[in-house]
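> Take this structure first; my questions come after.
The values are calculated or read from the model by the stated rules, or taken from the named source; none is laboratory data. Everything numeric here is computed off the predicted structure, so don't read it as measured data. Here Cβ is always computed from backbone atoms with ideal geometry, including for glycine, and neighbour counts include all displayed protein chains.
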Amino acid sequence: MRAMVYRGPYKIRVEEKDIPKIEHPNDAIVRVTRAAICGSDLHLYHGMMPDTRVGTTFGHEFIGVVHEVGPSVENLAVGDRVMVPFNIYCGTCYFCRKGLYSNCHNVNPNATAVGGIYGYSHTCGGYDGGQAEFVRVPLADVGPSIIPEGLHDEDALLMTDALATGYFGAQLGDIVEGDTVVVFGAGPVGLFAARSAWLMGAGRVIVVDHLDYRLQKAREFAFAETVSFTEVDDIVLELKKQTDWLGADVVIDAVGAEADGNLVQHITAAKFKLQGGSPVALNWAIDSVRKGGTISVMGAYGPLFSAVKFGDAMNKGLTIRTNQAPAKRQWPRLLEHIQAGRLTPRDIITHRIPLEHIAEGYHLFSAKLDNCIKTVITTD
Ligand SMILES: NC(=O)c1ccc[n+]([C@@H]2O[C@H](COP(=O)([O-])OP(=O)(O)OC[C@H]3O[C@@H](n4cnc5c(N)ncnc54)[C@H](O)[C@@H]3O)[C@@H](O)[C@H]2O)c1
Ligand SMILES: [Zn+2]
Ligand SMILES: [Zn+2]
């Protein structure tokens with residue numbers, strides 16, 4: 001089969017690999033029909049994620065058709081069209097029973113914090129991902145769902161990560177009717193978080209980024225007010241000014257470890273890897289939320305410590321909530337929203353690129369060229 005293969009930072013190839021085999025009775029092999037490149041893949045692409053091994057295949061946002069099932073699989077049959085959440089989890093451990101699918105205790109011998117994620121380094125379990133023609137789906141009775149009749153393939157694809165994560169980000173903000181919600185980052189996760197905030201009763205939604213084409217998308221797709229942090233002297237002061245000098249009720253960090261906006265933070269984190277990530281957006285969130293407010297962190301940070309202004313968070317009485325999204329938990333409600341016509345997730349897709357040219361997809365997305373927001377990889 002053809003598969004995306006990691007050859008080192010900024011080096012993506014498409015190579016021939018063996019079609020994965022059933023390794024456990026509850027495995028399925030899925031023929032991938034659509035995959036996407038996620039902002040999280042960029043952390044791998046840039047060499048930020050520990051134990052990202054040469055030769056592995058990325059891709060944790062994908063849908064496909066069941067090609068083969070192991071002997072104990074009961075919920076899926078060959079030929080089923082399935083959407084597969086980005087998390088790999090057992091469904092029965094202490095954490096899974098609490099709905100913390102991204103923190104499953106049984107699927108990742110290499111870390112205790114995080115569970116399993118497809119194609120996301122050996123730190124996240126060492127599973128190959130779905131930017132390939134075929135992928136092994138472990139615990140096939142637990143994660144995947146059959147794509148409901150009438151759901152567009154690209155909408156189903158986005159439910160497996162970006163949409164579910166954005167929605168989860170808004171949920172963790174504990175938005176109360178009328179709240180002012182600030183979202184840092186106008187990538188797919190930020191756009192979906194901003195759009196979801198309205199569904200949860202926000203009174204105002206403000207999106208911050210520095211890429212004008214993405215801010216324009218935030219206005220059009222997420223009906224948000226926007227601020228470019230490079231066009232104001234001090235983004236925190238600007239946000240305070242816009243929120244009666246009290247600060248926002250809820251701030252969502254949809255930027256994560258590679259945030260721009262502070263050279264020292266960026267160099268110590270992205271270049272020298274002295275931090276688990278550059279916490280620029282997170283520190284701006286701490287500074288721009290009101291006292292007693294809530295910060296929801298969807299942006300991903302690595303295992304090392306980061307220079308987070310924790311004292312300010314403490315003294316302001318903030319609630320900080322965060323996790324890798326347990327994607328499937330959001331599906332029932334998201335389906336209702338999509339089927340009721342309140343949301344068309346695929347509106348954010350800007351590029352559709354054949355697997356053979358995936359390296360170009362990574363480059364466009366990483367360098368934010370050609371107004372790229374979300375790239376879908378096609379395999380047919
Ligand atoms: N928690 C989860 O389950 C989960 C799931 C998916 C993605 N993520 C993470 O969410 C983050 C966003 O993902 P994405 O796909 O939207 O990525 P993306 O790279 O498309 O978007 C990030 C955006 O942040 C902007 N940005 C950079 N520095 C900023 C700053 N200081 N303030 C405001 N905006 C800034 C960039 O210009 C970009 O538009 C990534 O860190 C990704 O790893 C987490
Ligand atoms: Zn992702
Ligand atoms: Zn579990």
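> So for region 358-371 (the condition being within 22 Å of residue 206 (Cα to Cα), surrounded by fewer than 16 Cβ atoms within 10 Å (Cβ to Cβ), touching a helix residue (DSSP H, G or I) at 6+ places or on another chain (Cβ under 7 Å) and not small (Gly, Ala, Ser)), does at least one residue qualify?
Yes - at least one qualifying residue is present in region 358-371.
> Separate question: What is the number of the single condition among (1) more than 8 Å from ligand 1 (Cβ to nearest atom); (2) under 30 Å from residue 81 (Cβ atoms); (3) of a type in the set (A, V, I, L, M); (4) in contact with a Ser or Thr (Cβ under 6 Å, 6 or more places away or on another chain) that residue 158 does not meet?
The single condition residue 158 does not satisfy is (4).
> Being acidic (Asp, Glu), outside any loop (DSSP other than H, G, I, E, B) and without any contact (Cβ under 8 Å) to a residue 40 or more places away in the chain narrows it down to one residue among 336, 356; which is it?
Of 336, 356, the one residue that is acidic (Asp, Glu), outside any loop (DSSP other than H, G, I, E, B) and without any contact (Cβ under 8 Å) to a residue 40 or more places away in the chain is 336.
> While we're here: Scan 260, 312, 287 and give me the residue that is more than 23 Å from the chain's Cα centre (by Cα) and within 18 Å of residue 207 (Cα to Cα).
After applying the criteria, what remains is 287.
> Quick one: in region 90-119, of everything that is within 16 Å of ligand 1 (Cβ to nearest atom) and in contact with an Asp or Glu (Cβ under 8 Å, 6 or more places away or on another chain), which residue is farthest from residue 45 (Cα to Cα)?
The qualifying residue farthest from residue 45 (Cα to Cα) is 118.
> If you don't mind, there's one more thing I want to ask. Among 83, 49, which is the only one that is within 16 Å of ligand 1 (Cβ to nearest atom) and either more than 26 Å from residue 255 (Cβ to Cβ) or part of a strand (DSSP E or B) (or both)?
Matching residue, one of 83, 49: 83.
> Would you be able to tell me the number of residues in region 50-90 that are surrounded by fewer than 21 Cβ atoms within 10 Å (Cβ to Cβ) and either touching a helix residue (DSSP H, G or I) at 6+ places or on another chain (Cβ under 7 Å) or without any contact (Cβ under 8 Å) to a residue 40 or more places away in the chain (or both)?
Of the residues in that region, 8 qualify.
> Based on this model, can you work out whether residue 41 counts as touching a residue at least 12 places away in the same chain (Cβ under 8 Å), surrounded by fewer than 17 Cβ atoms within 10 Å (Cβ to Cβ) and either small (Gly, Ala, Ser) or not in a strand (DSSP E or B) (or both)?
no
> Residues in region 270-279: is at least one within 21 Å of residue 172 (Cα to Cα), more than 10 Å from ligand 1 (Cβ to nearest atom) and more than 20 Å from the chain's Cα centre (by Cα)?
So far as region 270-279 goes, no, none of its residues is within 21 Å of residue 172 (Cα to Cα), more than 10 Å from ligand 1 (Cβ to nearest atom) and more than 20 Å from the chain's Cα centre (by Cα).
> Is it true that residue 329 is in a helix (DSSP H, G or I), at negative phi and within 16 Å of ligand 3 (Cβ to nearest atom)?
Against the criterion (in a helix (DSSP H, G or I), at negative phi and within 16 Å of ligand 3 (Cβ to nearest atom)), residue 329 qualifies.
> Tell me yes or no: at least one residue of region 8-24 is aromatic (Phe, Trp, Tyr), more than 16 Å from ligand 3 (Cβ to nearest atom) and within 18 Å of residue 130 (Cα to Cα).
No: region 8-24 contains no residue that is aromatic (Phe, Trp, Tyr), more than 16 Å from ligand 3 (Cβ to nearest atom) and within 18 Å of residue 130 (Cα to Cα).
> Assess whether residue 240 counts as being touching a Ser or Thr at 6+ places or on another chain (Cβ under 8 Å), closer than 21 Å to residue 260 by Cα, among the charged types (D, E, K, R) and in a helix (DSSP H, G or I).
yes
> Residue check, residue 46 against (1) surrounded by fewer than 21 Cβ atoms within 10 Å (Cβ to Cβ); (2) away from ligand 2 (no atom under 16 Å from the Cβ), all met but one. Which one?
(2)
> Which condition from (1) within 15 Å of the chain's Cα centre (by Cα); (2) within 21 Å of residue 95 (Cβ to Cβ); (3) at pLDDT 95 or above is the one that residue 114 breaks?
If we test residue 114 against (1) within 15 Å of the chain's Cα centre (by Cα); (2) within 21 Å of residue 95 (Cβ to Cβ); (3) at pLDDT 95 or above, just (3) comes out false.
> Determine which member of the set 245, 284 is over 27 Å from residue 369 (Cβ atoms) and among the aromatic types (Phe, Trp, Tyr).
Of the residues listed, the single one that is over 27 Å from residue 369 (Cβ atoms) and among the aromatic types (Phe, Trp, Tyr) is 245.
> Quick one: which residue in 233, 209 is within 25 Å of residue 321 (Cβ to Cβ), away from ligand 3 (no atom under 16 Å from the Cβ), modelled with pLDDT of 95 or more and out of contact with any Asp or Glu (no Cβ under 8 Å at 6 or more places or on another chain)?
209
> What is the one condition in (1) in contact with a strand residue (DSSP E or B) (Cβ under 8 Å, 6 or more places away or on another chain); (2) within 25 Å of residue 166 (Cβ to Cβ) that residue 80 does not satisfy?
(2)
> Now for a separate question. For region 225-237, how many residues are more than 16 Å from residue 285 (Cβ to Cβ) and either among the polar types (S, T, N, Q) or crowded, with 19+ Cβ neighbours inside 10 Å (or both)?
3
> List pairs: first residue in region 117-128 and more than 17 Å from residue 37 (Cβ to Cβ) and of a type outside the set (S, T, N, Q), second residue within 12 Å of ligand 1 (Cβ to nearest atom) and at pLDDT below 95 anywhere in the structure, Cβ distance under 6 angstrom, at least six positions apart or on different chains.
none
> Considering only residues of region 243-288 that are of a type in the set (D, E, K, R), at pLDDT 95 or above and assigned to a strand (DSSP E or B), which is surrounded by the most Cβ atoms within 10 Å (Cβ to Cβ)?
If we take residues in region 243-288 being of a type in the set (D, E, K, R), at pLDDT 95 or above and assigned to a strand (DSSP E or B), then 253 is surrounded by the most Cβ atoms within 10 Å (Cβ to Cβ).
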